[in-house]
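Here the structure is laid out as structure tokens; the discussion comes afterwards.
The values are calculated or read from the model by the stated rules, or taken from the named source; none is laboratory data. The structure presented is a predicted model; accordingly, all values stated were derived computationally and were not measured. Heads up, the Cβs are rebuilt from the backbone with ideal geometry, glycines too, and the neighbour counts pull from every protein chain shown. Each accessible area value is taken on the protein alone, full model and side chains, heavy atoms only, with ligands, DNA and RNA left out. Shrake-Rupley method; radii C 1.70, N 1.55, O 1.52, S 1.80 Å.
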Amino acid sequence: ITRGCVIELVKHEKPVRILTRSPAVARDIDVFQAADGLVTVGSSIPCLDDEQVRAIEPGAPVPSARLNALEKISNAGVPVYVSMSPTYPTQDRDDLRELLQTFKERLDPDVVFHEPINPRGGNFEMTVQAAREAGQEELADKLAELRSREKWVEYSLNQLTAVEELGEELNVPIHLWPDKQLIKYAGDLEEHLRNEREKNESPEKYPRPPASA
């Protein structure tokens, strides 16, 4: 069904952005190539540690599989992007640098979207519990600390700032996606983060449609 939808949209010269965690997306490379730049494919890759990701996303493919699929698609000449979210509080600046460097070297993405984890709601509590049950005690403890608003704001602003700076350093296009509630507590960064969130132009380099479209 998805393949058919993409074919129909491209037939009518509509740009398509695909976001998936499934490596099976690579089986439709022929469709993406035929789209001549109208399709861009992305995957959520929060970190390179398969065990950490498996702990809190037990039903999803590991990030190494997602990365391999995107690399195959990129090597086929299809534009790709990465949703680097949600990054974990166990990741320091060196971890974030390694992640972005890997994306640059293996994918050459049009853009990397970045978002720290949001600690609100039942899903977050399930995430903490899943990490603990999987034996990822450090991850579980660090996540649990984010129940404190001060800790969450500090972690989020540090990561958003680091990713933006590293993107400039490594020449990787970054689009920050800060939480709406976080922006209210961002201090001097409030206006900048609001502008990042409210960007309404697609960062992908889609071909311009014909004048008659």
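Table for the structure above
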{"read-out": "Which numbered condition Ser74 fails, given (1) closer than 28 Å to Lys14 by Cβ; (2) open to solvent by 20 Å² or more (accessible area, probe 1.4 Å); (3) not in a helix (DSSP H, G or I)", "value": "(3)"}
{"read-out": "Whichever residue in the stretch 85-112 is of a type in the set (S, T, N, Q) and open to solvent by 10 Å² or more (accessible area, probe 1.4 Å) and, among such residues, is nearest to Ala131 (Cα to Cα)", "value": "Thr90"}
{"read-out": "Residue among Arg66, Arg120, Arg54 that is open to solvent by less than 30 Å² (accessible area, probe 1.4 Å), over 19 Å from Glu165 (Cβ atoms), charged (D, E, K, R) and not in a strand (DSSP E or B)", "value": "Arg66"}
{"read-out": "Per-region count, the stretch 1-48, residues without any contact (Cβ under 8 Å) to a residue 24 or more places away in the chain and among the charged types (D, E, K, R)", "value": "4"}
{"read-out": "Val82 vs. criteria outside any loop (DSSP other than H, G, I, E, B) and β-branched (Val, Ile, Thr)", "value": "yes"}
{"read-out": "Residue match in the stretch 158-172 (condition: in contact with a Lys or Arg (Cβ under 8 Å, 6 or more places away or on another chain) and within 19 Å of Ile56 (Cα to Cα))", "value": "no"}
{"read-out": "Odd one out for Val25, checked against (1) open to solvent by less than 80 Å² (accessible area, probe 1.4 Å); (2) under 30 Å from Gly135 (Cα atoms)", "value": "(2)"}
{"read-out": "Cβ-Cβ under 7 Å pairs, at least 6 apart or on other chains, the stretch 49-78 side among the small types (Gly, Ala, Ser), far side outside any helix (DSSP H, G or I)", "value": "Ala55/Ala134; Ala55/Gln136; Ala60/Arg21; Ala69/Ser43; Ser74/Val80; Ser74/Leu107; Ser74/Asp108"}
{"read-out": "Any chance Asp30 is part of a helix (DSSP H, G or I), open to solvent by 50 Å² or more (accessible area, probe 1.4 Å) and touching an Asp or Glu at 6+ places or on another chain (Cβ under 9 Å)", "value": "no"}
{"read-out": "Selection from the stretch 33-73 of residues that are within 17 Å of Arg106 (Cα to Cα) and charged (D, E, K, R)", "value": "Asp49, Arg66, Glu71, Lys72"}
{"read-out": "Matching residues, the stretch 79-107, being without any contact (Cβ under 8 Å) to a residue 40 or more places away in the chain and closer than 20 Å to Ala162 by Cβ", "value": "Asp92, Asp94, Glu105"}
{"read-out": "Residue that is most open to solvent (accessible area, probe 1.4 Å), among those in the stretch 126-167 that are of a type in the set (D, E, K, R) and under 17 Å from the mean Cα position of the chain (by Cα)", "value": "Glu165"}
{"read-out": "Contacts under 6 angstrom Cβ, first residue in the stretch 166-190 being closer than 14 Å to Tyr81 by Cα, partner open to solvent by 30 Å² or more (accessible area, probe 1.4 Å) and assigned to a helix (DSSP H, G or I), 6 or more apart", "value": "Val172/Lys104; Ile174/Glu164"}
{"read-out": "Qualifying residues in the stretch 177-196 (those that are in a helix (DSSP H, G or I) and acidic (Asp, Glu)) - the one most open to solvent (accessible area, probe 1.4 Å)", "value": "Asp188"}
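Condition check ((1) touching a Ser or Thr at 6+ places or on another chain (Cβ under 9 Å); (2) open to solvent by less than 30 Å² (accessible area, probe 1.4 Å); (3) closer than 23 Å to Ile174 by Cα) across all residues:
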{"site": "His12", "(1), (2), (3)": "no, no, no"}
{"site": "Val39", "(1), (2), (3)": "no, yes, yes"}
{"site": "Ala60", "(1), (2), (3)": "yes, yes, no"}
{"site": "Val78", "(1), (2), (3)": "yes, yes, yes"}
